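The structure under discussion appears below in the form of structure tokens.
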Amino acid sequence: MDNRVRTAVESLGLMVGYEDGSFGEDDELTRAQMSTIAARLLQVEGIGFGENMFTDVPDDHWAKDSIVALASLGIVNGMGDGTFMPEKSVSFNEVIKLVVAVLGFGELAEKSGGYPNGYIQQANRLRLLKNVVLEDARVSRGVVAKILYNALDVKPLGTTFIQNYPEASYTLEEILHNHHEVIQFKGV
């Protein structure tokens, strides 16, 4: 994995490496882990809002607040049977849907064919898949990091972000960098 990718996603707090200093780029991600990354993109990680509608996400689950926040924002909807399956490995199509939706292009993806083809089409249009190579059906941390790195150049649409950034005025990297500086300034 390109060191610039790791540095970017770690410095913005989107993904973190392991205690031993490794990044685990070949490790798979769970749906809960990817939901936490999406919540970090939206700057809603740890903000408890919305009602938990998933029977398999207990109140003491480490990613509950992120999953519930994304569900409340209409970004995730679970498996359709009241479950979320937080420990299941996340699929490539699920990663693409989450990132495209977080960036505010979900409505365009739905108009372009919906899940998964419309989302993949939007991901290609936004260049999220630049230099992304899937060696097999599983999605690794390295693949997700590359997709996030590519997303940093995108100017998000709509009111997906909690903070009031004028629509499509700032890139995702500018939004996240400004948010990161505010957090450091406040000492949180």
Quick one: with all protein chains in place, what share of the accessible area of the range 24-133 is carbon or sulfur, to the nearest percent (1.4 Å probe)?
-> 47
Output for the range 74-113 (equivalent-ellipsoid semi-axes, sqrt of 5λ from the C-alpha gyration tensor, Å, descending) is 20, 12, 9
Can you give the calculated 222 nm mean residue ellipticity of the chain, where each DSSP H run of n ≥ 4 adds -39,500 (n - 2.57) and the sum is split over every residue, rounded to the nearest 500 deg cm²/dmol?
-> -13000 deg cm²/dmol
In the range 106-158, the GluC sites (Glu not before Pro) that sit in a DSSP loop and have at most 14 other Cβ atoms within 10 Å of their own Cβ are GLU135
Roll a 1.4 Å probe over the protein chains and send me the accessible area per residue for the chain in Å².
-> 52
Compute the length gained on full extension between SER169 and THR83: take 0.36 nm times their separation in residues and subtract their Cα-Cα distance, giving the result in nm to one decimal.
-> 27.3 nm
Derived scalar couplings ³J(HN,Hα) [the range 97-109; Karplus, 6.51 cos²θ - 1.76 cosθ + 1.60; whole Hz; x for Gly, Pro] | 4, 4, 5, 4, 5, 4, 6, x, 9, x, 5, 5, 5
Once amide H atoms are built 1.01 Å from N in the peptide plane, which residues 5 or more positions from GLU45, or in another chain, come under 5 Å H to H?
-> ARG40
Relative contact order, percent, the chain [alpha-carbon distance under 8 Å, six or more residues apart] | 22
Once ASN93 and GLU107 are pulled to full extension, the length gained, defined as 0.36 nm per residue separation minus their Cα-Cα distance, is 3.4 nm
So what does log10 I(q)/I(0) come out to for the range 1-76 at q = 0.15, 0.20, 0.21, 0.22 Å⁻¹, using the Debye formula with one equal point on every Cα and no solvent?
-> -0.56, -0.88, -0.94, -0.99
When the Cα atoms of the range 90-136 are enclosed in a convex hull and the volume is divided per residue, what value in Å³ results?
-> 63
Rounded to whole angstroms and listed largest first, the alpha-carbon spread of the chain along its three principal axes comes to 40, 40, 38
The range 97-132 to the range 1-60: how many Å between their Cα centroids?
-> 20
With +1 on the Cβ of every Lys and Arg and -1 on the Cβ of every Asp and Glu, the dipole magnitude of the range 1-147 about its Cα centre, in debye rounded to the nearest 20, is 780
Within the set of other residues whose C-beta is less than 11 Å from the C-beta of ALA101, count the net charge using Lys and Arg as +1 and Asp and Glu as -1.
-> -2
In terms of modelled amide H atoms, which long-range or inter-chain residues lie less than 5 Å from the amide H of THR30?
-> VAL90
Out of the range 29-88, which GluC sites (Glu not before Pro) are coil in DSSP terms and have no more than 15 other C-beta atoms within 10 Å?
-> GLU51, GLU87
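The values are calculated or read from the model by the stated rules, or taken from the named source; none is laboratory data. Keep in mind that this is a model prediction, so the values were computed, not measured. We place every Cβ from the backbone using ideal geometry, glycine too, and count neighbours over all the protein chains shown. These accessible areas exclude ligands, DNA and RNA; they are computed on the full protein's heavy atoms, side chains included. Shrake-Rupley method; radii C 1.70, N 1.55, O 1.52, S 1.80 Å.
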